Amino acid sequence: MKIRRGFVFIAILASIAAGRPAKATPKSSGDAREPASGASDLRLSDPHQELLHLSRDLKLKKDQRAGVGSILEERDREIRLLLDNEPLSQEYLEYRDRLAARVLEDSNAQIESLLRRNQKRKFDKELARDHETR
C-alpha cells in the first residue's frame with residue numbers, strides 16, 4: 001500500500017509510540033530531509049510539502065492552511081532539535097523517541113482543533129491507515 005508523503009513522518013513516529021521499530025523514509029525521497037548530525041535513521045518530511053498534501057486532501061481554507069502551516073513548522077523545529085543532538089546512550093535514544101512521539105501527538109491534536117468535522121474524519125482515517133501499514 002502506498003503511503004502518502006505528507007503522512008510518512010506521522011506514521012514513523014506512530015510506530016515509535018507503539019513500541020515498534022521505525023522504518024526510515026527512503027533517502028532519495030524528494031520531500032524528506034535528513035537531520036544535520038545524521039544521528040538518526042529517521043527523516044523529517046518537509047513541512048511545506050506536508051502542508052500542500054494536507055491542503056489538497058483535506059481541502060483546507062486559507063485560515064486553516066496558515067494555522068496548519070505554523071503547527072507543521074513548529075513540529076519540524078522541535079523534532080529537528082531532538083534529532084540534531086548526538087545520542088549519548090540507548091536510554092537517551094528511547095527518551096528522545098518518546099519526546100518526538102509526544103511532539104507528534106500534540107501537533108496532530110492542534111491540527112485537528114483547526115479542522116471541520118468532515119476534515120477530522122479524513123485526517124483520522126489517513127493516520128489510522130498509515131499506522132496500520134507500520
Quick one: in region 28-45, which of the residues that are out of contact with any helix residue (DSSP H, G or I) (no Cβ under 8 Å at 6 or more places or on another chain) and closer than 21 Å to Ala101 by Cα is modelled with the lowest pLDDT?
Gly38
Condition first: surrounded by fewer than 16 Cβ atoms within 10 Å (Cβ to Cβ) and assigned to a helix (DSSP H, G or I). Now tell me which residues in region 107-121 satisfy that.
Ala109, Glu112, Ser113, Arg117, Asn118, Lys120, Arg121
How many residues of region 71-91 are in a helix (DSSP H, G or I), loosely packed, with under 15 Cβ neighbours inside 10 Å, free of Cβ contacts under 8 Å to residues at least 24 places away in the same chain and more than 13 Å from the chain's Cα centre (by Cα)? The answer is 3
Any residue that is β-branched (Val, Ile, Thr), surrounded by 13 or more Cβ atoms within 10 Å (Cβ to Cβ), modelled with pLDDT of 95 or more and within 17 Å of the chain's Cα centre (by Cα) - is there at least one of those in region 53-70?
yes
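The values are calculated or read from the model by the stated rules, or taken from the named source; none is laboratory data. Keep in mind the model is a prediction, meaning the values are calculated, not measured. Cβ coordinates were reconstructed from backbone atoms using ideal geometry, including for glycine residues, and neighbour counts include every protein chain displayed.
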